[in-house]
Ligand SMILES: C[S@@+](CC[C@H](N)C(=O)[O-])C[C@H]1O[C@@H](n2cnc3c(N)ncnc32)[C@H](O)[C@@H]1O
């Protein structure tokens, strides 16, 4: 599937002038996307074990805990320490039904058993970044952020985006913008950055957005800011998002009990493609080439798809335009 506007949520729903959609700058908080559908599919029962691997503002986690009262338990992860602190406050009323860990969901296969979540009933991934991160100027996720271009979910690990912009060769930057942003003017943008940094380091989101605007031809009626693809590409590279997504999906096969459910919300076609291919391959099982008359690989299906991918309802999009690129995919673990 290709999204109609594949990158419009890449930088978290930023409009062509760089402001947040849906009045999100005025309203502090993050509206959980497709929360009704997510809870309906996970169907968390009392006594069940659930994992929310992307807590953010804990909106979904709260709904899952309410639905699994009085004794369902939830392991909540986020790479961002601020999200963990916020979630701890929001979920405090659930007491020891909640276990929180600041960790990357790429580590899920190790972290969940250590936290006592070995065979779980549900695993939820809501990819990308939250409104809290987007509006925090110190994080450098939004175009108008005045602070340093950081873009790390976990500010204690890895290299900030400004470091990549300061050190990568023009060819490497262009490849990055193409690979993770599908940016048609990748080469021109990379050369503009390298030329500019020879006299002024590119350290703020505003600077980067202005350089991209200078490098790409103006086009009438564009719906997204010209720097959207570049911001998406940098964020994906800084957080190694696609590798971690593959690891998180693979962990679901180990952690979900038969009948347990995996629900994933993605916001751009690069991540949705990974989710789609993973679920399709695990539903198929056998990986023998078509010319082999009988199966020799012996692989059995490990997932059953729960319907096709679905977008938010028209009503939800009009109430929360930032969710318009969301796609939900869900599958159930089957006994292999
Ligand atoms: C879209 S928000 C989740 C919003 C949340 N569902 C809610 O209701 O508020 C995504 C969150 O996932 C976190 N995140 C993204 N990639 C991650 C990863 N690989 N490991 C752990 N957390 C990640 C981000 O830091 C962010 O807080």
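Readers should treat all values here as calculations from the given coordinates under stated rules, not as data from a laboratory. None of the values given here were measured: they were computed from a predicted structure. Positions of Cβ are generated from backbone atoms using ideal geometry, with glycine treated the same way; all protein chains shown enter the neighbour counts.
Points worth noting:
- Two-decimal ratio, the stretch 43-185, of alpha-carbon radius of gyration to 2.2 N^0.38 Å: 1.22
- Over all pairs of different C-alpha atoms in the stretch 77-155, the reciprocal of the mean inverse distance, the Kirkwood hydrodynamic radius, equals 14.1 Å.
- The stretch 156-204 - convex hull of alpha carbons, volume per residue in Å³: 82
- Coarse-grained scattering of the stretch 224-323 at q = 0.13, 0.18, 0.24, 0.25 Å⁻¹, given as base-10 log I(q)/I(0) from a Debye sum over alpha-carbon atoms: -0.66, -1.04, -1.31, -1.34
- Reduced Cα scattering model of the chain, Debye log10 I(q)/I(0), q = 0.09, 0.12 Å⁻¹: -0.49, -0.85
- Semi-axis lengths, Å, the stretch 133-239, gyration tensor of Cα atoms, sqrt of 5 times eigenvalues: 19, 16, 13
- In the stretch 101-143, the inverse of the mean reciprocal separation of distinct Cα atoms equals 12.7 Å; this is its Kirkwood hydrodynamic radius.
- In this simple spin-label approximation, residue 197 and residue 166 carry label points 7 Å from Cα along the Cα→Cβ vector, and these lie 0.9 nm apart.
- Rounded to the nearest 500, the 222 nm mean residue ellipticity of the chain from helices alone is -11500 deg cm²/dmol, with -39,500 (n - 2.57) taken per DSSP H run of at least 4 residues.
- Within the chain, DSSP assigns beta bridges of which about 40% are antiparallel (rounded to the nearest 5).
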